[in-house]
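Peer 1: One structure is given below, represented as structure tokens, and several questions about it will come after.
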Amino acid sequence: MTTATTVVDVHGLEKTYGKANERQYKALKDINFSVAEGEFVGIMGASGSGKTTLLNMLSTLDTPTKGDVIVNGHDVTQMRGNQLADFRAQEVGFIFQDFNLLESLTAEENIGLPLALKGTASKIMDQAIHEVAETLSIADLLQKYPAELSGGQKQRVAAARAIVHHPSILMGDEPTGALDSTSARELLDLLTTINQKQAMSVLLVTHDPFSASFCQRILFIKDGQIGSELKRGNQDRAAFYQQILTELGTFNE
Amino acid sequence: MLGKLALAGIKNRRRDYLVLLAGLTMSAAIFYMFANLATNRAFIKANAVVSQASFIFGFGAVLLILITVVYIMYANSFLLSMRQHDYGLFMMLGATRKRVGELVFLETLILGTIATAIGIVLGLLMSKFLVGFLLNMLGLHLAHLSAFYVPAIIATAVLYVGLFILASLFNLVRLTRTTVLKLLHSDELANQPKVKPFRQLVQGTLGIIFLAIGYWALAAIKVLQMTAIPLALVTITLGTYLLFRATILVVIRGLRRTAWAKKHLNGFLLGQLNFRVHNYTRMLTIVSLLFAMALGAITVGSGYHRQLPMMAKMIGTYSIAVHDKTPAEQKLMAQLHVSYSATYTQKRQGKTVYYNADEIAKQPVEQQRYKKSGQPEAHLYTQSLKAFKKSGTQDMDFMALALGKTGAYTPKILSAEQFAKQTGQTVTVTTIRVKDLQQDLQPLKQLSKLENKRFAPPAGMTVGSYQGYEVMNGFFGGLEFMGYFLGIAFLAMLASCLMFKILSGAPGDQRRYRMLYKVGVRQNLMRWGIAKEIGILFLIPGIMGVIDVLFGLQMFKPLMSAPMSPYLGIGSTFLIFIGLYVIYYLITLALYWRIVLPKTTTA
Ligand SMILES: Nc1ncnc2c1ncn2[C@@H]1O[C@H](COP(=O)(O)OP(=O)(O)OP(=O)(O)O)[C@@H](O)[C@H]1O
Ligand SMILES: [Mg+2]
């Protein structure tokens, strides 16, 4: 893998919670990995293993204690203040477990938010919103408020908001966590489509083997360290799913 | 068990409870102070020289009761919004509605009783110190004002506890009628009122009609008498509410469709406003009324304060007259900012007082002329000695320079030679007209005291404009004081009303701004967004309040007859008040920023 096609590059990442004089907890220890452009990578691990912590470092919601994180050529550990906000607004698309939609805005306004922040002209904005709404089959939901949507619909709206501005990477922290199996599957299919059609890199945090089986490569985290890695290669999803289950069996022992 | 849980819930939000308690306590304290002033018969008898003053006090009391009712309703809804999630949780965990209902009832009542008790004590202390301080600052003397007055304590306790019992019952009914699910998700429910053009139009028109009736009622207070105020209060409240309801939503919806709404956080701002418009209309109505009353009361108070010296100036051609000045008086006179001064030698004999023509020619006596309308002319004038001898000697102010036990001596002007020969008691009198009565109040007060010790005018008479001012101050001082007092009271209530509103919205906003932070909104943009949102909340009632006051001052026209006017010089009062309001806005904003803005992790 050459650096030119690398979207995420992580070197010697460490995160310690708690101040120097308090009780400290090392949530991440010497993490190294990279994600190539257009790759669909999963991060798995038990509860408390540090998945959310890692994703927060990558998306600049939190700052590492040590190490480098390079996303699409930007060293995010060197950024401050507005740079960080702008970075999140432009380079990262984020889907959260609890949707994080603004209930005072319609679906359309929620989706348009990243574009509005950039100051996009309203015509171009409308066009972009309708395009992604078409892709995610939520065109008929645009005028509704989040309170009027089902969980699955909300998450699709959230996905639309995450990709409407064509970020260089889409990150999801258990995006299927609050969904039933049908909605979860629909969302994962959508993520796969987005990943393939728009060649957008996807980083998916999950503890669910079924969700993970949609990925091309899976990193397993245990106690803040990457324990092993699994590649799908040419297997179909069902076979990969079995492989993940086996891996989890040995990994967790 | 449930009681313990409830207590734990309160502990978790003790800051919010403290604000609630503080607000209610303040309100009770203010009410006590006012009840004390309004019901203290000895005090009213001693000070209410003007018949309308007791009427004004009564009006103030009614107003304060009404405002208190609304205020407690508002505080109560804040309390409920704070607690409903917990109550929902209790019910979900299997607590019976009856048990939870008891809890709600008790909690509201206990909180209310504590607030009332502390409030009365605070009110006692405030009556003692604050009222004294205010009176001192205004240079007023109100007799028989005691801080401790049992009927006022009873009135405050009965009103407040009564209102809290009502509020508890209301909460009980509200809570037992709402579903558990709604309680649990109360702050996430979208409140999306529909826009119905015809209905909005009717509401808007009705609103304007009501406002017009209210404003008219205030102007026609002479005709309507006591009915004017309740009529105006009801119609203006209704009118404001309807107008806000009809317009705000439409304006927001209209703006939302524009391209402007799609830039930066504008859409979010409009969404926020739209989301809460129903809560906001009620709050904005109350705040605009409070704003109007606070500003109106202070305007009237300061109007008296400013205009009394002005009116006093018209009473006399000189500010003070000093007879046979002593060294001590001389010293005080040196402190005055003199515009015109004259000294005459008098010789008093029988019922006549003789003056030296030379002195009068050298220092002519200033006189006041009146227009046909009866209004005094703006500038004083002087006459030649000849003309003065003819008509000027009958001038009231000139005659007042020589007062005996029963009345004025008859003045006569003699030539210098004749004057030298004239026998009689010799007295010198110095008249001084100062540039600005307000500026020299202190030395004038002392001079007047010293002068009255030796040359007291007959009972009921005054010499010079300063003494006239003192008498008028006694007359109107009560009104002036009430204006300031009510103004400050309403301002304090307005402050805590907005505070409740803001705090009850903060938890939801905290979540929303956290989301915006994650999506990558710059900190500055969020700050601006909040500043705009809160700014709009301050601006709308501010504008409405100013309009209310401009019309409402009509009410004081009969009380402030010419040359006074309720509108004279209101600009500076408005500016000061608006300045205070802006400072309050900035404080609120800073507070809100602290609560709502997500902490940046880079530190
Ligand atoms: N702000 C914090 N302060 C202190 N410790 C924290 C903080 N956030 C997380 N931790 C600790 O760091 C570890 C990793 O947490 P993290 O949230 O990354 O786990 P996770 O893998 O996402 O778990 P889950 O699957 O349950 O979401 C946990 O032991 C957690 O207790
Ligand atoms: Mg997690």
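The values are calculated or read from the model by the stated rules, or taken from the named source; none is laboratory data. These numbers come from a predicted model, not from an experiment. Glycine also receives a Cβ, built like all others from the backbone with ideal geometry; neighbour counts cover every protein chain displayed. Side chains are part of the model used for accessible areas, which takes the heavy atoms of the whole protein and leaves out ligands, DNA and RNA. Shrake-Rupley method; radii C 1.70, N 1.55, O 1.52, S 1.80 Å.
Peer 1: Just checking, which of B:Gln367, B:Gln346 is closer than 22 Å to B:Val434 by Cβ, open to solvent by less than 70 Å² (accessible area, probe 1.4 Å) and assigned by TED's automatic domain parsing to the domain that holds B:Asn452?
Peer 2: On the way: B:Gln346 fails: closer than 22 Å to B:Val434 by Cβ.
Of B:Gln367, B:Gln346, the one residue that is closer than 22 Å to B:Val434 by Cβ, open to solvent by less than 70 Å² (accessible area, probe 1.4 Å) and assigned by TED's automatic domain parsing to the domain that holds B:Asn452 is B:Gln367.
Peer 1: Let me ask something additional. For the range B:305-321, what are the residues that are among the β-branched types (Val, Ile, Thr) and either in contact with a Pro (Cβ under 7 Å, 6 or more places away or on another chain) or open to solvent by 60 Å² or more (accessible area, probe 1.4 Å) (or both)?
Peer 2: Filtering the range B:305-321 for residues among the β-branched types (Val, Ile, Thr) gives B:315, B:317, B:320.
Scanning the range B:305-321 gives a single hit, B:Ile315.
Peer 1: Here's something else I'd like to know. For residues that are among the hydroxyl-bearing types (Ser, Thr, Tyr) and at pLDDT 90 or above, tally how many sit in the range B:114-131. Reasoning before the result, please.
Peer 2: Of the residues in the range B:114-131, the ones among the hydroxyl-bearing types (Ser, Thr, Tyr) are B:116, B:127.
Narrowing further to those that are at pLDDT 90 or above: B:116.
Final tally of qualifying residues: 1.
Peer 1: Moving on. Among the numbered criteria (1) within 46 Å of the chain's Cα centre (by Cα); (2) surrounded by 11 or more Cβ atoms within 10 Å (Cβ to Cβ), which single criterion is violated by B:Glu359?
Peer 2: (1)
Peer 1: Take the residues of the range A:80-103 that are within 16 Å of ligand 2 (Cβ to nearest atom) and open to solvent by less than 20 Å² (accessible area, probe 1.4 Å): which is farthest from the other protein chains (Cβ to nearest Cβ)?
Peer 2: Taking the range A:80-103 first, the residues within 16 Å of ligand 2 (Cβ to nearest atom) are A:94-100.
Restricting the remaining residues to those that are open to solvent by less than 20 Å² (accessible area, probe 1.4 Å) gives A:95-96, A:100.
Working: A:Ile95: 11, A:Phe96: 7, A:Asn100: 5 Å.
Looking at residues that are within 16 Å of ligand 2 (Cβ to nearest atom) and open to solvent by less than 20 Å² (accessible area, probe 1.4 Å), I get A:Ile95.
Residue-wise test of (1) within 14 Å of chain A (Cβ to nearest Cβ); (2) in contact (Cβ under 8 Å) with a residue 24 or more places away in the chain; (3) out of contact with any strand residue (DSSP E or B) (no Cβ under 7 Å at 6 or more places or on another chain).
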residue: B:Tyr241; (1), (2), (3): no, yes, yes
residue: B:Phe244; (1), (2), (3): no, yes, yes
residue: B:Leu255; (1), (2), (3): yes, no, yes
residue: B:Ala261; (1), (2), (3): yes, no, yes
residue: B:Leu270; (1), (2), (3): yes, no, yes
residue: B:Val277; (1), (2), (3): yes, yes, yes
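Peer 1: Among the residues of the range A:133-150, write down those that are open to solvent by less than 30 Å² (accessible area, probe 1.4 Å) and in a helix (DSSP H, G or I). Don't jump to the end; show me each part of the working.
Peer 2: Narrowing the range A:133-150 to residues open to solvent by less than 30 Å² (accessible area, probe 1.4 Å): A:133, A:136, A:138, A:141-142, A:145-146, A:149.
Correct list: A:Ala133, A:Leu141, A:Pro146.
Peer 1: Turning to a different aspect of this structure: Assigned to a helix (DSSP H, G or I) and of a type in the set (D, E, K, R) - does that describe any residue in the range A:227-247?
Peer 2: For the range A:227-247, residues assigned to a helix (DSSP H, G or I) and of a type in the set (D, E, K, R): present.
Peer 1: Residues to consider are A:His166, A:His207; find the one that is over 27 Å from A:Glu14 (Cα atoms) and of a type outside the set (D, E, K, R). Steps first, answer last, please.
Peer 2: On the way: A:His207 fails: over 27 Å from A:Glu14 (Cα atoms).
Matching residue, one of A:His166, A:His207: A:His166.
Peer 1: Just the residues that are over 18 Å from B:Gln368 (Cβ atoms) and either out of contact with any Leu (no Cβ under 9 Å at 6 or more places or on another chain) or assigned to a helix (DSSP H, G or I) (or both), please, taken from the range B:457-476. Quick ask: steps written out before the conclusion?
Peer 2: Taking the range B:457-476 first, the residues over 18 Å from B:Gln368 (Cβ atoms) are B:457-460, B:470-471, B:473-476.
Correct list: B:Ala459, B:Gly460, B:Glu470, B:Val471, B:Asn473, B:Gly474, B:Phe475, B:Phe476.
Peer 1: Also, I was wondering about something else. Out of A:Lys15, A:Lys51, A:Lys19, which single residue is within 12 Å of ligand 1 (Cβ to nearest atom) and either open to solvent by 60 Å² or more (accessible area, probe 1.4 Å) or among the hydroxyl-bearing types (Ser, Thr, Tyr) (or both)? Let's see the steps before the verdict.
Peer 2: Values: A:Lys15 fails: either open to solvent by 60 Å² or more (accessible area, probe 1.4 Å) or among the hydroxyl-bearing types (Ser, Thr, Tyr) (or both); A:Lys51 fails: either open to solvent by 60 Å² or more (accessible area, probe 1.4 Å) or among the hydroxyl-bearing types (Ser, Thr, Tyr) (or both).
From the options A:Lys15, A:Lys51, A:Lys19, the qualifying one is A:Lys19.
Peer 1: Identify all residues within the range A:81-107 that are within 19 Å of A:Thr53 (Cα to Cα) and in a loop (DSSP other than H, G, I, E, B); write none if there are none.
Peer 2: A:Phe96, A:Gln97, A:Asp98, A:Phe99, A:Asn100
Peer 1: Additional query: Can you tell me which residues in the range A:33-48 are surrounded by 16 or more Cβ atoms within 10 Å (Cβ to Cβ) and near ligand 1 (Cβ under 8 Å from one of its atoms)?
Peer 2: A:Gly45
Peer 1: Assess whether A:His130 counts as being modelled with pLDDT of 90 or more and open to solvent by 20 Å² or more (accessible area, probe 1.4 Å). Spell out the reasoning first.
Peer 2: Working: modelled with pLDDT of 90 or more: yes; open to solvent by 20 Å² or more (accessible area, probe 1.4 Å): yes.
In short, yes.
Table: residues versus (1) open to solvent by 60 Å² or more (accessible area, probe 1.4 Å); (2) over 25 Å from B:Ile252 (Cβ atoms); (3) at pLDDT below 85; (4) small (Gly, Ala, Ser).
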| residue | (1), (2), (3), (4) |
| --- | --- |
| B:Trp528 | yes, no, no, no |
| B:Glu533 | no, no, no, no |
| B:Ile547 | yes, no, no, no |
| B:Pro563 | no, yes, yes, no |
| B:Tyr567 | yes, yes, yes, no |
| B:Thr573 | no, yes, yes, no |
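Peer 1: I would also like to ask the following. Can you find even one residue in the range A:158-181 that is within 16 Å of ligand 2 (Cβ to nearest atom), without any contact (Cβ under 8 Å) to a residue 40 or more places away in the chain and β-branched (Val, Ile, Thr)?
Peer 2: Yes, because at least one residue in the range A:158-181 is within 16 Å of ligand 2 (Cβ to nearest atom), without any contact (Cβ under 8 Å) to a residue 40 or more places away in the chain and β-branched (Val, Ile, Thr).
Peer 1: Right, next: Search the range A:54-66 for residues being open to solvent by less than 10 Å² (accessible area, probe 1.4 Å) and among the hydroxyl-bearing types (Ser, Thr, Tyr), and hand back the single one that is nearest to ligand 1 (Cβ to nearest atom).
Peer 2: My answer is A:Ser59.
Peer 1: Can you pull out the residues in the range A:202-213 that are surrounded by fewer than 24 Cβ atoms within 10 Å (Cβ to Cβ) and more than 14 Å from ligand 2 (Cβ to nearest atom)?
Peer 2: A:Pro209, A:Phe210, A:Ser213
Peer 1: Which of the residues that make up the range B:322-342 are among the hydroxyl-bearing types (Ser, Thr, Tyr) and surrounded by 14 or more Cβ atoms within 10 Å (Cβ to Cβ)? Spell out the reasoning first.
Peer 2: Step one: of the range B:322-342, the residues among the hydroxyl-bearing types (Ser, Thr, Tyr) are B:326, B:339-341.
B:Ser339, B:Tyr340, B:Ser341 - these are the residues of the range B:322-342 that are among the hydroxyl-bearing types (Ser, Thr, Tyr) and surrounded by 14 or more Cβ atoms within 10 Å (Cβ to Cβ).
Peer 1: Where the second residue is assigned to a strand (DSSP E or B) and open to solvent by less than 10 Å² (accessible area, probe 1.4 Å) and the first is among the basic types (Lys, Arg) and lies in the range B:303-325, which pairs have Cβ atoms under 7 Å and are six or more apart or on separate chains?
Peer 2: Hits for this filter: B:Lys325/B:Thr430.
Peer 1: Within the range B:201-285, which helices (runs of 4 or more DSSP H) (wholly inside it) include 3 or more residues that are in contact with a helix residue (DSSP H, G or I) (Cβ under 9 Å, 6 or more places away or on another chain) and either under 30 Å from A:Ala85 (Cα atoms) or of a type in the set (Asp, Glu) (or both)? Walk me through it before giving the result.
Peer 2: Values: elements: B:221-224, B:228-256, B:266-275.
Passing ranges, in order: B:228-256, B:266-275.
Peer 1: If I filter the range A:109-128 down to residues being more than 7 Å from every other protein chain (Cβ to nearest Cβ) and of a type in the set (Gly, Ala, Ser), which single residue comes out as farthest from ligand 2 (Cβ to nearest atom)? Walk me through it before giving the result.
Peer 2: Applying the first criterion (more than 7 Å from every other protein chain (Cβ to nearest Cβ)) to the range A:109-128 yields A:110-111, A:115, A:118, A:120-121, A:123-124, A:126-128.
Then keep just the ones that are of a type in the set (Gly, Ala, Ser); that gives A:121, A:128.
Working: A:Ala121: 38, A:Ala128: 31 Å.
Across the range A:109-128, the extreme among qualifying residues is A:Ala121.
Peer 1: Also: Identify, from the list A:Thr60, A:Thr53, A:Thr77, A:Thr106, the residue that is within 14 Å of chain B (Cβ to nearest Cβ), in contact (Cβ under 8 Å) with a residue 24 or more places away in the chain and over 17 Å from the mean Cα position of the chain (by Cα).
Peer 2: Values: A:Thr60 fails: over 17 Å from the mean Cα position of the chain (by Cα); A:Thr53 fails: over 17 Å from the mean Cα position of the chain (by Cα); A:Thr77 fails: in contact (Cβ under 8 Å) with a residue 24 or more places away in the chain.
Every option except A:Thr106 fails the conditions.
Peer 1: I'm trying to understand the selection: among the residues of the range B:393-446, which are farther than 30 Å from B:Met310 by Cβ and open to solvent by less than 30 Å² (accessible area, probe 1.4 Å)? Working first, answer last.
Peer 2: Looking only at the range B:393-446, we keep the residues that are farther than 30 Å from B:Met310 by Cβ, and these are B:404-406, B:409-410, B:412-428.
Result: B:Gly404, B:Ile413, B:Leu414, B:Phe419, B:Val427.
Peer 1: From B:Ile213, B:Ile209, which residue is at pLDDT 90 or above, more than 14 Å from every other protein chain (Cβ to nearest Cβ), open to solvent by 70 Å² or more (accessible area, probe 1.4 Å) and over 30 Å from A:Leu113 (Cβ atoms)? Full working, then the answer.
Peer 2: Details: B:Ile213 fails: open to solvent by 70 Å² or more (accessible area, probe 1.4 Å).
Residue meeting the stated conditions: B:Ile209.
Peer 1: Return yes or no: is A:Ala162 surrounded by fewer than 23 Cβ atoms within 10 Å (Cβ to Cβ), more than 7 Å from chain B (Cβ to nearest Cβ) and under 20 Å from the mean Cα position of the chain (by Cα)?
Peer 2: Values: surrounded by fewer than 23 Cβ atoms within 10 Å (Cβ to Cβ): no; more than 7 Å from chain B (Cβ to nearest Cβ): yes; under 20 Å from the mean Cα position of the chain (by Cα): yes.
No.
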